[in-house]
Amino acid sequence: MTSLERVRLTFAHKEPDRVPIFEIGINSPAASEILGREAWVGIGGHIRAEIWNQLRTEGRHHEFFLKQAQDYVDLYRKLELDIVPTGIYPADPPMPKLIEENTWIYEDDKTGSWSIYVYEPSSDMYSEVDSDLSREGIPAFERMVERLETTPFSTDDYDFTWIDYAAKEVGKEMCILGGADFGFAGSSWLITFLVAMKERPDLVDRYLDAQLERTLLVADEQLRRGATLMWGGVDICYSEGPLFSPEMFRRFFAPRLKEITDLCHKYGVPYFKHTDGNIHLLEEALLLECGIDGLHPLEPEAGMDLAYYKEKYGDKLTLLGNVSCAQALVYGTREEIEEETRRVIEIGAPGGGFVLSSSNTIHSQVPAEKYLVMLETARKYGRYPIQKR
């Protein structure tokens with residue numbers, strides 16, 4: 001059975017030969033050790049800040065797109081994972097300017113917009129920490145919305161090298177993952193966005209509609225180019241609960257997410273939603289009203305109980321997760337990783353509708369050898385029919 005066949009059966013809530021295995025991302029430290037060369041994969045700061053920024057300033061961004069595509073395919077093929085992620089980039093990406101050690105600014109001289117990103121080597125994180133939207137609030141947000149509404153765009157504005165390469169190399173054997181989600185705020189201006197939801201709902205609607213128009217165009221292009229599974233990666237919850245009320249979710253996001261899932265379903269392609277944190281207050285609106293086919297990654301440290309979601313939604317949704325990448329895969333012994341992986345399989349896998357992964361990503365603090373224990377255990381105990389103890 002190919003990986004593509006295995007994933008399709010799983011999302012159809014049937015039992016394939018074994019549980020599919022997947023990661024939304026594997027950061028460079030573990031990936032490089034596994035491949036035996038530096039791998040430009042994952043969302044770690046070293047790759048995004050130091051390598052990606054340098055290549056952009058040298059006009060070599062297409063080189064980055066192609067090597068990232070090659071490294072992802074080589075890594076996921078070597079690990080025998082079933083779903084390979086892809087991504088898209090602006091064809092003409094904004095240029096970063098180093099303003100102090102590990103700190104870059106992105107400026108648009110025409111519009112006056114700017115954002116500042118900082119790389120923290122100790123955590124390998126690269127994050128937006130300041131912007132005109134954070135400093136100026138709603139007036140800057142309104143200017144951005146006006147730019148979105150008046151700036152022409154087409155698929156020529158994006159680079160699809162990654163998905164084209166993956167579809168050509170492994171599209172007949174592996175599931176190719178594309179991405180699309182509703183618009184949201186950057187980390188530096190989240191408060192501006194949340195305030196606008198209350199004080200300027202008209203402006204938020206305009207922003208989300210402008211973003212959705214672009215999202216649907218780009219999603220359609222990915223589906224035409226070979227995506228056989230789609231996901232949305234916008235985080236809308238933290239460990240204690242959602243960033244906004246269920247009423248706000250239904251008002252602003254649910255209808256737009258439904259348009260995205262409807263498009264995917266026209267192509268016969270499932271769609272799963274990712275969010276960190278605890279979704280409990282949003283679960284009916286998110287899981288039952290938006291047309292999604294799956295949920296990722298069910299973060300155990302945020303109280304996301306796999307058994308609860310399997311029991312309540314397992315006949316409707318495919319669940320993807322949830323071996324802890326905050327505890328077991330960082331601090332666990334071999335025996336503890338084996339135990340958690342087997343327990344997760346025993347809960348999630350029966351009847352299909354389950355894809356094994358970590359509870360987020362294989363981030364830069366996860367040692368390669370611990371991740372390989374998880375994979376070894378999955379292949380040992382993940383064959384159908386699942387044998388429970």
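The values are calculated or read from the model by the stated rules, or taken from the named source; none is laboratory data. These numbers come from a predicted model, not from an experiment. For neighbour counting, all protein chains shown are included, and Cβ atoms are generated from backbone atoms with ideal geometry for every residue, glycine included. These accessible areas exclude ligands, DNA and RNA; they are computed on the full protein's heavy atoms, side chains included. Shrake-Rupley method; radii C 1.70, N 1.55, O 1.52, S 1.80 Å.
If you take the residues of the range 287-302 that are in a helix (DSSP H, G or I) and without any contact (Cβ under 8 Å) to a residue 40 or more places away in the chain, which of them is least open to solvent (accessible area, probe 1.4 Å)? The qualifying residue least open to solvent (accessible area, probe 1.4 Å) is Leu287. Suppose we keep only residues that are more than 26 Å from Gln222 (Cβ to Cβ) and without any contact (Cβ under 8 Å) to a residue 12 or more places away in the chain within the range 113-163. Which one would you say is nearest to the chain's Cα centre (by Cα)? The qualifying residue nearest to the chain's Cα centre (by Cα) is Ser122. Would you confirm whether any residue within the range 45-67 is farther than 22 Å from Gly233 by Cβ, acidic (Asp, Glu) and touching a Gly at 6+ places or on another chain (Cβ under 8 Å)? Looking through the range 45-67, none of the residues is farther than 22 Å from Gly233 by Cβ, acidic (Asp, Glu) and touching a Gly at 6+ places or on another chain (Cβ under 8 Å). Take the conditions (1) over 25 Å from Thr215 (Cα atoms); (2) open to solvent by 50 Å² or more (accessible area, probe 1.4 Å); Asp164 misses just one of them, which is (1).
Please determine whether any residue of the range 202-220 is open to solvent by 10 Å² or more (accessible area, probe 1.4 Å), charged (D, E, K, R), within 22 Å of Asp293 (Cα to Cα) and in contact with a strand residue (DSSP E or B) (Cβ under 8 Å, 6 or more places away or on another chain). Looking through the range 202-220, none of the residues is open to solvent by 10 Å² or more (accessible area, probe 1.4 Å), charged (D, E, K, R), within 22 Å of Asp293 (Cα to Cα) and in contact with a strand residue (DSSP E or B) (Cβ under 8 Å, 6 or more places away or on another chain). Within the range 254-281, being open to solvent by less than 60 Å² (accessible area, probe 1.4 Å), touching a Cys at 6+ places or on another chain (Cβ under 8 Å) and either of a type in the set (Gly, Ala, Ser) or within 23 Å of Leu177 (Cβ to Cβ) (or both) holds for Ala254, Leu257, Thr261, Pro270, Tyr271, Lys273, Thr275, Asp276, Gly277, Ile279.
Checked against the criterion of being touching an Asp or Glu at 6+ places or on another chain (Cβ under 8 Å), open to solvent by less than 60 Å² (accessible area, probe 1.4 Å) and modelled with pLDDT of 95 or more, the candidates Leu177, Leu81, Leu148 yield just one match: Leu81.
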